[in-house]
1. Exactly one of (1) in contact (Cβ under 8 Å) with a residue 40 or more places away in the chain; (2) closer than 23 Å to residue 141 by Cβ is unmet by residue 121. Its number?
2. Output the residues belonging to segment 8-22 that are out of contact with any helix residue (DSSP H, G or I) (no Cβ under 8 Å at 6 or more places or on another chain) and in a strand (DSSP E or B).
3. Please work out which one of (1) among the hydrophobic types (A, V, I, L, M, F, W, C); (2) out of contact with any Asp or Glu (no Cβ under 7 Å at 6 or more places or on another chain); (3) crowded, with 19+ Cβ neighbours inside 10 Å is the condition residue 177 fails and give its number.
4. With the condition kept exactly as written, say whether any residue in segment 180-196 is modelled with pLDDT under 95 and closer than 27 Å to residue 150 by Cα.
5. Does residue 156 count as among the basic types (Lys, Arg) and touching a strand residue (DSSP E or B) at 6+ places or on another chain (Cβ under 6 Å)?
6. Which count do you get for residues in segment 78-115 that are over 18 Å from residue 35 (Cα atoms) and either in contact with a helix residue (DSSP H, G or I) (Cβ under 7 Å, 6 or more places away or on another chain) or part of a helix (DSSP H, G or I) (or both)?
7. Return the residues of segment 115-163 that are surrounded by fewer than 18 Cβ atoms within 10 Å (Cβ to Cβ) and of a type in the set (Lys, Arg); say none if nothing qualifies.
8. Working carefully through the options 102, 59, find the one that is over 16 Å from the mean Cα position of the chain (by Cα) and either of a type in the set (A, V, I, L, M, F, W, C) or under 20 Å from residue 214 (Cβ atoms) (or both).
Amino acid sequence: METVADVLSGNPYPGRGVLWARTLGGTLCGAYFLTGRSAASRGRTLTLRRGAGEIVVSPTDETAHDPLRHYVAARERGGWLVYGNGEQVATVADRLEDGRAPAAALDGLEYEPDPPIFTPRITVAVDLRTGAAWLGAARRSAGGRAAADVMTLAVRDLAPGDVVLMTTYRSNGKQVATGEPFTEARTEATDRQGLLAEVWDSLTPQLRVAATAFDAGVLADAAIRLAGAGEGGDRLA
């Protein structure tokens, strides 16, 4: 089975991605990353709001809010951890807090209205009481139907080193298409810092924007990596 590094380094432009993993140290961890080609996509940062139990994707300048680019990327409350690539994260988190089952909370979502690629909405919902996770994706049909195809994958009992991941795109470096529904891989990381480094180091340096990794139930201690300003370097947040 391929490693996380193999999967991501073999996909020059993955867009945004979510991972659910059990590290070699035995800890259940989530991760989320952003890459970007346009100035607007690259002009973003991840901010940890410890008091709110959230990680937010926000602009690096004073531009108006763009719901496709700025959103709550992770929320942990009410016994649930939810993270993903858009405003659906808050929607799914609210549904779970209202008592809906995970499959129902992930249902009825739509892909992004950004032709021609129609970016999928990818989301992970984790029951912090059991460690079970549900990965959801709302994708445009390959046949061109306007209605979204919604997939929900239940993941349980990960062994140390197991990873399930989804990316919005797959690319050969020139052409970009919708990403695969999901990919299983292996990690060599022993903790969240190692998982974050594994993800970050595998992304195309000129396209990476931000990434975060966090232990389930401890979002307030999330590790965050941000593209450096001006010199092409990287910095920790």
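The values are calculated or read from the model by the stated rules, or taken from the named source; none is laboratory data. No experiment lies behind these values; they were computed from the predicted model shown. Ideal geometry is used to build each Cβ from the backbone, glycine not excepted, and the neighbour counts take in all protein chains shown.
1. It is condition (1) that residue 121 fails.
2. Step one: of segment 8-22, the residues out of contact with any helix residue (DSSP H, G or I) (no Cβ under 8 Å at 6 or more places or on another chain) are 10-13, 15-16, 18, 20, 22.
Within segment 8-22, 16, 18, 20, 22 meet the criteria.
3. It fails just one condition, (3).
4. The answer is yes; a qualifying residue exists.
5. No; evaluated as a whole, the condition is false for this residue.
6. 20
7. 129, 145, 156
8. Numbers: 59 fails: either of a type in the set (A, V, I, L, M, F, W, C) or under 20 Å from residue 214 (Cβ atoms) (or both).
It is 102.
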